[in-house]
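This structure is in structure tokens; I'll ask about it shortly.
What follows is calculated from the coordinates using simple rules that are stated; it is not laboratory data. Only a predicted model underlies this, so the values are computations on that prediction, with no experimental measurement involved. Here the Cβ is made from the backbone with ideal geometry for all residues, glycine too, and neighbour counts use every protein chain on show.
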Amino acid sequence: MHKVLFSSVSKKFIMALAGLFLLLFLPVHLVINLMLLKPDPEPFNKAAHFMATFPVIKVIEVVLILAILTHIGWGIYLQIENWIARPVGYTSGSKAETSFFSKFMIWTGASVLTFLIIHFNNFYFIRLGFVEGDPKNFYSVAHGLFKIPAYNYIYLACFVLLGLHLFHAFSSAFQTLGLNHRIWTPVVKVIAWIYAIGLPLGFAFISITIWKFR
């Protein structure tokens, strides 16, 4: 039983489920963030307050954090396992076919982790009282951050890398869950491209609009 639960395949399966959970959360986060473009701060602050206080959301928040930790932790573990299994580089003639996205998944994931740490420090930890800030006015907190050029550069760079990560994650999650199909797999790849391009563009649009035009 222990071998089944902690096998490489099981880890990939659970990591895929955790990744899909995160993929469902990000569009919700984008919709809420679009309220930052309104001149009135009340809609965004109300949404942020609802997300912070509604009991069901608080449970989902815990699940989300666990999903993030699971996805990142096992992703790192599996990558280290791969490195240990192949300590000596293959010659060009015998090297296995590996996509560009798969090769750099660990590094794009590391950039996403960096962004999450910054994001948690600027918002989630304010709400918990660990960092100074007004938890009742996250609208002003967000606008203040987006007025800082360096923050925008990091934010936009992270979302470019997030797009690369999301494309491979979206496609490989379905493959890991055994949902490959002659007809549907190409459809999933198209959706993955739309998701991986559209979602980062949405977040970037918010960032640049506030930075340059508000």
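Using a basic spin-label model with each label point 7 Å from the Cα along Cα→Cβ, how many nm lie between residue 54 and residue 118?
For residue 54 paired with residue 118, the spin-label model returns 2.9 nm.
Between residue 183 and residue 128, what FRET efficiency comes out of the Förster formula 1/(1 + (r/R0)^6) with R0 = 41 Å and r the beta carbon distance, rounded to 0.05?
The pair residue 128/residue 183 has a calculated efficiency of 0.30.
In nm, to one decimal, how far is the residue 37 label point from the residue 204 one, both placed 7 Å along Cα→Cβ?
Output for this residue pair reads 1.5 nm.
Another question, if that's okay. What's the exposure ranking of 81, 42, going from fewest to most Cβ atoms within 10 Å?
Placing the least packed residue first, the sequence is 42, 81.
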